[in-house]
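The values are calculated or read from the model by the stated rules, or taken from the named source; none is laboratory data. Remember, predicted model here, so these are calculated numbers, not experimental data. When we count neighbours, we look across all protein chains shown, and the Cβ atoms used for this are built from the backbone with ideal geometry, even at glycine. Accessible surface areas use protein heavy atoms only, side chains included; no ligands, DNA or RNA. Shrake-Rupley method; radii C 1.70, N 1.55, O 1.52, S 1.80 Å.
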Amino acid sequence: MVETVAPSQAARRHRRIRSGGATGLSASSGIGLGVAVIWFSVLALIPLIAVLVETSTGGWSAFWATLTDVQTAAAIRLTITQALLVTGVNVVMGTLIAWVLVRDHFFGKRALEVIIDIPFALPTIVAGLVLLSLYGPRSPVGVNVANTRAAVFMAFLFVTLPFVVRTVQPVLAELDRDVEEAAASLGASRPVIFRRVILPALFPAICAGAALSFARAISEYGSLVLLSGNLPLRTEVTSVRILTYLENGNTASAAAVATVLLGVSLLVIVALDLVQRRVARRG
Amino acid sequence: MSIEVTGVGKRFGDFVALDDVSVSIPTGQLTALLGPSGGGKSTLLRIIAGLEDADTGRIEIEGRDATDLSPQKRNVGFVFQHYAAFKHLSVARNVAFGLEIRKRPKDEIKARVHELLELVHLEQFADRRPGQLSGGQRQRMALARALAVKPTVLLLDEPFGALDAKVRKELRDWLRRLHDEIPVTTVFVTHDQEEALEVADEIVVINEGRIEQVGTPDQLYDEPANDFVMSFLGPVTSLGGVSVRPHDLEISTEDPGGGVAGTVVRSVRVGFEVRLEVRTSTESVQAVLTRTEARGLGVVDGTTVWLRPMLGAPTVRPTGLLVPAV
């Protein structure tokens, strides 16, 4: 008897909730939702659609011609590989720096906390100048990476440094020490505790930081434009390529490259999200 | 003796958490470390587990010197106040953790986890996440996890501290029954004297980094070593400069000899008991009697009464010396 009644009751309750969700917004949450949607549309959705529309004006063949252009293809390849490499480095180094900032106490920790954010705060062209004077032809430390792919890598590293650090840091700070102690008293060594207890807890934050870091790197312009030399086929990145197309009045091609960047960014972010969900579910 | 603590001292900066503490904890019993917050009882438990290093002194577990052993090698089970669950693992995997670390065969782990989940009545929650359990269930899971590796001693740090009163009471009874079933040497920290009196075989009272008294619940209640132990274990009032429990006072309306005279200035009835405040020439004394006794005596505000400790009642001079019963 109970079994036959229970599902129908549950279904009714479910329906009620759903109908409530469609019409039952209070005035304040209705306004909130409206503002959020307008804000998001004006700032993100409409410009993104404009890029897609612009891309489509040239038609499929123009789109394909742009992407298969040797110089453009090289730029896309360079940007994506360097961005992936940098993201990989950031995942390791960012987690390590976050660890040091949260777990260790040392002289100058506060200063380091502030310095980490400088790549955020610095206008990217200023970052470019700093990198040029430090690692350019007149380098005071004797490292000259100007006009090489290393310059692109360095510039990406510089601007994406804070992302993983800043996403992992608060999660690590919130992590209960109890949990590690519990693992230790159950016989787990330090490396095992890190791998089986700490890392799973940090994993979502690391993924989020990696996604941000990748998206930032793939769109970088200011910080590398001075040091990399923008040599076609060698050190030219996509954002420089887009600017060149725009300067030549070829907006459809510029939009085509932008669309590819958009697609790749989306792909990486979604992939990271899927991986993170999968790890979270595995238990 | 299962755990032998010798001359253990521990400081945190200027704060002395433990001051030359020595105590023996008997095998197979349920021992409570009882004392006020910040008294050093949790620190002592953590030192026994190896989660904290003692500045001085030695720890022996089952005859083996454990002073310099890492927590991983002490084979102790530890249960934390806030569960310390592995949130990303299912309940079964939480319990299996210690066995997986030890690389036990899969079948053995499965059987042992099943057996433990049954023991703590969580078998139907094996695949849930700790986040989906109530506080009491999470603490039972933590207990199963600690027991999984068959520890030589089980240490519980305020295990019921985060739970509400009703669940607390249930878990307390359950822990006592569990201990009777699996008599592993167990030490638990609590600041709740009722919890200690009810559950423990033996109580170690710790205050300000020192041990005040060790004994069975009855010993501590009936023969408190000093004023602190007496007042920590139950209500205390002062009569003629001697500490005595309010319900151990004999009240009469005529001088029985050896009594102290006073006037009832306030009487409050709470359920079955009547609480009196009696003003003597030197002090204000609290006394408790049953409703029937109060009726029989006919005490009301303003009545003159004589007070004296009952025969055999524990009394303590505030200097710390036990006064022989009257």
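Observations, loosely collected:
- Taken together, B:L276, B:L307, B:L249, B:L311 contain a single residue that is touching a Leu at 6+ places or on another chain (Cβ under 6 Å) and under 27 Å from B:Q193 (Cα atoms), which is B:L249.
- Some residue of region A:171-185 being open to solvent by less than 40 Å² (accessible area, probe 1.4 Å), more than 14 Å from chain B (Cβ to nearest Cβ), of a type in the set (A, V, I, L, M) and more than 30 Å from B:R74 (Cα to Cα): no
- Conditions (1) in a helix (DSSP H, G or I); (2) in contact with a helix residue (DSSP H, G or I) (Cβ under 9 Å, 6 or more places away or on another chain); (3) closer than 30 Å to B:M141 by Cα: number failed by B:F232: (3)
- Hey, B:D55 without any contact (Cβ under 8 Å) to a residue 24 or more places away in the chain and of a type in the set (D, E) or not: no
- Being of a type in the set (S, T, Y) and in contact with a Pro (Cβ under 6 Å, 6 or more places away or on another chain) is a description that applies to B:T237.
- If the condition is being assigned to a helix (DSSP H, G or I) and free of Cβ contacts under 8 Å to residues at least 12 places away in the same chain, then region A:171-185 contributes A:E174, A:R177, A:D178, A:E181, A:A182, A:A184, A:S185.
- Remark: A:V145 matches the filter, which requires a residue to be away from chain B (no Cβ under 14 Å), crowded, with 19+ Cβ neighbours inside 10 Å and not in a helix (DSSP H, G or I).
- Residues (within 26 Å of the chain's Cα centre (by Cα), open to solvent by less than 50 Å² (accessible area, probe 1.4 Å) and over 24 Å from A:S253 (Cα atoms)) located in region A:23-72: A:S41
Here is a yes/no grid of residues against (1) within 20 Å of the chain's Cα centre (by Cα); (2) assigned to a helix (DSSP H, G or I); (3) at positive phi; (4) modelled with pLDDT of 90 or more:
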site: A:G187; (1), (2), (3), (4): no, no, yes, yes
site: A:I193; (1), (2), (3), (4): no, yes, no, yes
site: A:L199; (1), (2), (3), (4): yes, yes, no, yes
site: A:A210; (1), (2), (3), (4): yes, yes, no, yes
site: A:E236; (1), (2), (3), (4): no, no, no, yes
site: A:V240; (1), (2), (3), (4): yes, yes, no, yes
site: A:V260; (1), (2), (3), (4): yes, yes, no, yes
site: A:V279; (1), (2), (3), (4): yes, yes, no, no
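- Residues in region B:122-143 that are open to solvent by less than 40 Å² (accessible area, probe 1.4 Å) and within 12 Å of another protein chain (Cβ to nearest Cβ): 5 in all.
- Residues within region B:249-278 that are of a type in the set (D, E, K, R) and loosely packed, with under 14 Cβ neighbours inside 10 Å, tallied: 4
- Residue selected from region A:186-214 under the condition facing another protein chain (nearest Cβ under 9 Å) and touching a residue at least 60 places away in the same chain (Cβ under 8 Å), by the criterion most open to solvent (accessible area, probe 1.4 Å): A:F203
- Criterion violated by B:V76 - all others in (1) of a type in the set (V, I, T); (2) within 14 Å of chain A (Cβ to nearest Cβ); (3) farther than 19 Å from B:V5 by Cα satisfied: (3)
- Per the conditions (1) within 12 Å of another protein chain (Cβ to nearest Cβ); (2) outside any helix (DSSP H, G or I), the sole criterion not satisfied by B:G98 is (2).
- Count of region A:226-283 residues which are open to solvent by less than 70 Å² (accessible area, probe 1.4 Å) and within 14 Å of chain B (Cβ to nearest Cβ): 4
- Of the residues making up region B:27-49, those that are among the small types (G, A, S), open to solvent by 10 Å² or more (accessible area, probe 1.4 Å) and farther than 13 Å from B:D192 by Cα are B:G28, B:G38, B:S42.
- Residue in region B:156-174 that is farthest from B:G50 (Cα to Cα), counting only those that are within 14 Å of chain A (Cβ to nearest Cβ) and under 13 Å from the mean Cα position of the chain (by Cα): B:G161
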